[in-house]
Amino acid sequence: MRVLALVPGEMETQLSFFPVINQIKNSFENAEVSVVATPAAAAIYQLSKGVTEVVPYNFAAPNSPADWANLLGIVRDREFDVALTLTQSWSIALLLWLSGVPTRLGYGGAANDMLLTATVPRRTGMTSCSDLLSLINVTGDPPALSVNVPRSDLTTVESMRQGAGLENGYVLVSPGPTSSGNTYPTESWIAILKDFQQRQPGLPLALLQTNEAGSQAAELASAVPNLKILRPETPGQAAAMVAAANLLVGVAGYPLGLAIALNVYAVGLLSESDTALPSRPEGDRLVTLTSAEGTLADITPDQVLKKIWSEDA
């Protein structure tokens, strides 16, 4: 069976979809799963063994008729048996209707109720995917999130860690920003990192710098002596950097999802709007702090440090 999933959203949303892909693969013999994903996030599927093909498509921006027609042609050519769309857009619903895919599933509302073969109400977070899968008789809990890190990325990062003096572990911080553009205040990060240096002077500190974190990373590197800056070029390199860490402290984003997948101790700083975080079994190595006021700045360094050191104790 050939299944197409249309998944808008950033890398953390795509990463949260990995268990759904694996659940489909486990439920149908010889199932092939292809994904249509946001171009900036498509590379995360390098870490999935379950995906046959990834097609980049910009769900958010207005697409030209040529882009839309090209996607329609791809969907028609692959002769999918099932299409799952996490969107509620007229253009995608119409595309699937015209594509000839016999089973078209999505969330209720707008054009989906008219042009798809079955819909379910949308619920918060990735748990709503279980409702969609029930329409094709896939039931039960999805498997735990897992990733496959390419060997080439492991080798590259090992060399990078040796050059930075990080061979024997480190605390890794992921300042973000989140997909919604939120950041944790630089002054708060400085307080947390300096506390680490005072309590654990022999444990190196490193910062995972994404393209969006450039200015804050520079400020932190200037304020915190001996802070190492790690700049991954691929999601696989980011995963290898997370895997080698003793602890990750970060805002909502795909690095925190990688820590969950790789079973690395992690402290997540969340706002109320952060819903794309993959789940982890109760009692495992994830601790989260969610702002009571809805903004990351409301989480104080003392709250973070108390959570870290109480867990460590």
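The values are calculated or read from the model by the stated rules, or taken from the named source; none is laboratory data. Everything numeric here is computed off the predicted structure, so don't read it as measured data. Cβ: placed from backbone, ideal geometry, glycine included. Neighbour counts: every protein chain shown. Please note that ligands, DNA and RNA were not included when accessible areas were found on the heavy atoms of the full protein model with its side chains. Shrake-Rupley method; radii C 1.70, N 1.55, O 1.52, S 1.80 Å.
Points worth noting:
- The C-alpha atoms of the chain define a longest principal axis, and helix 65-78 lies at about 80 degrees to it.
- As a ratio to 2.2 N^0.38 Å, the alpha-carbon radius of gyration for segment 1-84 is 1.06.
- The C-alpha atoms of the chain define a longest principal axis, and helix 301-312 lies at about 90 degrees to it.
- Ordering of 5-13, 264-272 by burial proxy (mean other Cβ atoms within 10 Å per residue, highest first): 5-13, 264-272
- Only lysines eight or more places from LYS49 in sequence, or on another chain, were considered; those with a Cα closer than 20 Å are LYS25.
- Given +1 at the Cβ of Lys and Arg, -1 at the Cβ of Asp and Glu and no other charges, the dipole of the chain around its Cα centre is 320 debye to the nearest 20.
- Expected 222 nm ellipticity per residue - DSSP helices of 4 or more, -39500 (n - 2.57), all of the chain, to 500: -11000 deg cm²/dmol
- P(r) weight above 36 Å for the chain, C-alpha pairs, percent: 23 percent
- Qualifying aspartates and glutamates (Cα of each under 16 Å from Cα of LYS306; at least 8 residues distant if same chain): ASP195, ASP298
- Sorting the segments 79-92, 243-256, 178-191 by their mean number of nearby beta carbons within 10 angstrom, highest to lowest, gives 243-256, 79-92, 178-191.
- Within straight-line cross-link reach of LYS228, lysines at Cα separation under 18 Å, skipping those fewer than 8 residues along the same chain: LYS194
- Solvent accessible area, Å² - ASP131, 1.4 Å probe, full protein context: 40 Å²
- Gyration tensor verdict on segment 1-141 (Cα atoms; rounded if a/c is under 1.5, prolate if a/b is larger than b/c, oblate otherwise): rounded
- Taken over the C-alpha atoms, segment 179-282 has Rg and Dmax values of 13.5, 38 angstrom.
- In percent, rounded to a whole number, the relative contact order of the chain is 16, using alpha-carbon pairs under 8 Å and six or more apart.
- Once the Cα atoms are used to define both axes, helix 151-164 deviates from the longest principal axis of the chain by about 20 degrees.
- Part-to-part distance (alpha-carbon centres) for segment 12-51 and segment 193-226, which is given in Å: 33 Å
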